[in-house]
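**Q** There's a structure below that I have some questions on.
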Amino acid sequence: MKKFTADFETCTWLENETYVWAWAVCEIGNEENIIIDNNIDSFMKFCYVNKNSVFYFHNLKFDGTFILYWLFKNNFIHVQKKEEIDDHTFTTLISDMGQFYQITVYFKKGNKKVHKVTFIDSFKIIPFSVDKIAKSFGLEISKLKLDYTKERKIGHILTDEEKDYIKHDVLIVAKALKFLFDEGLDKMTQASNAMSDFKKLVSKSKFSHLFPVLEKSVDEDIRKSYKRGFYLFKPNLQR
C-alpha cells in the first residue's frame, strides 16, 4: 500500500467562488516521486489509478471540503454503515465538533476486492505548521513563500515558482511522516500513537488488566463527559 502526502492550492481572490488551481502529491519513502497538476479532476484520477493508497493532507478539514464537493458533484453517495458501502460511495470520520479525521472513497466494491483511497489529516499526527515542521525536524528544505493575491484562472499553467512552492509543502510533510513511521508511530492521530506506545511499554496483558473493557452502558455514560480537558478546565479570564 502506497502512502502519499498531498496538498491543494485554491482560489482566494474571488468573493463567491473557489476552486483548486494546483495540487501536488509526494510518495512517502520514495520522495523523488512527486506529481504536480492544476485541477481537482486530475487529482481524483490520480487517486483512482493509485487504488488502495493513503493520502495525508495537512489540514484535511480545508482540503477535504473540495474533495467532498467533487464527490457529490460526481454522484458519489455518502454512507454511514459498512453494509451500505458500494461502488461510488464514501464514508467520513468527522467529529461532532467538525474535526476531520478521515475520508474513504470507494470507487468499486466487489465481494473480495475493494478499490478505494483514504484521506487522513496529518495535522492530527504532527500538530505544527509546515514551516515549523521543517525547522523542528531539522530538514534541509524549508517552506517557501507565494503571492496568494495573484489571480490564477481555472486551468492556470503553473510557473516554476508555484511548482517549487507546493512541492516543498508536500516534501516537508512526507519527510517528517517517514521519520515517524520508521519509529512505528503510524496511527491516525498523535494520541493513538501515544496509546499504542504505552501499550507496548506496559505489555498488552498488563494493560488489559489495568484497564479492563467496560460494559457498553458504562462506557457510553463515561464518553458523554469527555470533550478534552481544555474545555472542562478553561480559566475564566474575565475576573
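The values are calculated or read from the model by the stated rules, or taken from the named source; none is laboratory data. In this text the structure is predicted, and so the values were computed from the model without any measurement. Here the Cβ is made from the backbone with ideal geometry for all residues, glycine too, and neighbour counts use every protein chain on show. Each accessible area value is taken on the protein alone, full model and side chains, heavy atoms only, with ligands, DNA and RNA left out. Shrake-Rupley method; radii C 1.70, N 1.55, O 1.52, S 1.80 Å.
**Q** Just the number: Rg to Rh for segment 1-124, Cα atoms, Kirkwood Rh, two decimals.
**A** Rg/Rh: 0.96.
**Q** When all alpha-carbon pairs of segment 60-175 are counted, what percent fall beyond 25 Å?
**A** Here the tail beyond 25 Å accounts for 42 percent of pairs.
**Q** Find the Rg to Rh ratio for segment 107-176, where Rh is the Kirkwood radius over alpha-carbon pairs and Rg uses the same atoms.
**A** That ratio equals 1.13.
**Q** Could you compute the net charge surrounding S208? Neighbours are other residues with a C-beta less than 14 Å from the C-beta of S208; K and R count +1, D and E count -1. Present the calculation step by step, with values, prior to reporting the outcome.
**A** Values: positive: K199, K200, K204, K206; negative: none.
My count for the surroundings of S208 gives +4.
**Q** Ignoring ligands, DNA and RNA, what percent of the 1.4 Å accessible area of the chain is carbon and sulfur? If you can, show how the numbers build up before the last one.
**A** Numbers: 8230 of 15480 Å².
The C+S portion of the solvent-accessible surface of the chain is 53 percent.
**Q** Related question: Let me check against my output: what whole-number percent is the relative contact order of the chain, with C-alpha pairs under 8 Å and at least 6 apart?
**A** 20 percent
**Q** What share of Cα pairs, in percent, lie more than 25 angstrom apart in the chain?
**A** Numbers: 14687 of 28441 pairs.
When every Cα pair of the chain is considered, 52 percent fall beyond 25 Å.
**Q** Right, next: Once the Cα atoms of helix 190-202 and of the chain are each reduced to a long axis, what angle between those two axes, in degrees from 0 to 90 to the nearest 10, is obtained?
**A** Approximately 40 degrees, to the nearest 10.
**Q** Pairs to check: K3/K187; K2/K45; K61/K216. Give those whose C-alpha atoms are more than 21 Å from each other in this structure. Each step should come with its number before you reach the end.
**A** Numbers: K3/K187 13 Å; K2/K45 16 Å; K61/K216 31 Å.
Too far apart for the 21 Å limit: K61/K216.
**Q** At 1.4 Å probe size, what's the solvent-accessible area of I222? Round to the nearest 10 Å².
**A** 90 Å²
**Q** If amide H atoms are built 1.01 Å from N in the plane of the peptide, which residues on other chains or at least 5 residues away come under 5 Å of the amide H of T10?
**A** Long-range HN contacts for T10: W21.
**Q** Here's something else I'd like to know. Over segment 12-123, average the accessible area per residue using a 1.4 Å probe and give it in Å², no decimals.
**A** On the way: 6230 Å² over 112 residues.
About 56 Å² of surface per residue is accessible.
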